[in-house]
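These notes concern the structure reproduced below.
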Amino acid sequence: MFNNYEELNDEQLDVLREIGNIGAGNAATALATILNDRVQISLPKVKIVDFESAVNSLGGAEAMTVGVLVNFLGEANGLIMFLLNMEDAKGITELLTHGHEEDAEQLSELKLSAIREIGNILSSSYINSIATLTGLRIEVSVPYVAIDMAGALMSVPLIEFGTLGDKVMFIEEDFVGEAHQLKSSIILFAEIDTLKTIMERLGLEL
């Protein structure tokens with residue numbers, strides 16, 4: 001039995017990583033469709049890390065970051081954040097507009113809306129993977145997009161779930177286009193009762 005992320009054993013952590021890998025594969029397929037088939041996507045790196053390590057991977061607490069937050073609820077509860085540094089956020093919107101957007105240095109409301117939709121599609125890919133594997137009924141909230149320092153964005157799950165431990169699933173993917181190499185990060189944090197339900201549905205003893 002576990003009461004926080006620190007108490008997960010190796011087998012349980014491996015299950016989370018496998019869920020992350022399956023979700024990342026589905027997300028990669030969805031993103032390639034959104035951008036275009038010329039974009040190559042690396043194998044995802046799925047890690048269970050503490051909040052400080054996640055922030056450092058994003059470039060440090062003061063690194064300006066674009067984040068899309070989606071809560072999931074129903075028979076599983078938690079949140080997913082899709083994160084891009086500012087340069088990669090500009091790069092991914094340039095891929096979407098094929099470099100024809102005026103004022104490429106700025107993240108306009110239209111570009112933020114595009115990033116919000118990408119974050120929503122990627123987050124839904126992960127949630128759908130969990131739902132398919134476990135048979136759980138899960139709904140997702142309307143996505144919320146924000147631009148802030150990485151430390152401030154990461155404080156959201158820390159405030160909401162910090163009492164459950166400081167470990168999160170951290171997933172990194174690289175996207176290579178004709179003129180860009182971009183990196184995205186996804187933070188996935190599920191409530192402890194949700195983790196227990198997932199483990200039970202997948203046949204693991206608690």
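The values are calculated or read from the model by the stated rules, or taken from the named source; none is laboratory data. From a predicted model like this one, the values you see are computed outputs, not experimental measurements. Here Cβ is always computed from backbone atoms with ideal geometry, including for glycine, and neighbour counts include all displayed protein chains.
A count restricted to the range 150-202 and to residues that are surrounded by fewer than 21 Cβ atoms within 10 Å (Cβ to Cβ), modelled with pLDDT of 85 or more and not in a helix (DSSP H, G or I) stands at 3. So in the range 72-123, with the set limited to residues that are among the hydroxyl-bearing types (S, T, Y) and over 12 Å from the mean Cα position of the chain (by Cα), which one is modelled with the highest pLDDT? Looking at the filtered set, the residue picked out is S113.
I'd like to know if the range 124-143 contains one or more residues that are in a helix (DSSP H, G or I), more than 14 Å from A24 (Cβ to Cβ) and at pLDDT below 85. Within the range 124-143, none of the residues are in a helix (DSSP H, G or I), more than 14 Å from A24 (Cβ to Cβ) and at pLDDT below 85.
A search for C-beta distances below 6 Å between a residue of the range 1-29 that is over 19 Å from P44 (Cβ atoms) and among the polar types (S, T, N, Q) and any residue that is at pLDDT below 80 and in a helix (DSSP H, G or I), counting only pairs 6+ apart in sequence or on different chains, returns N4/L164.
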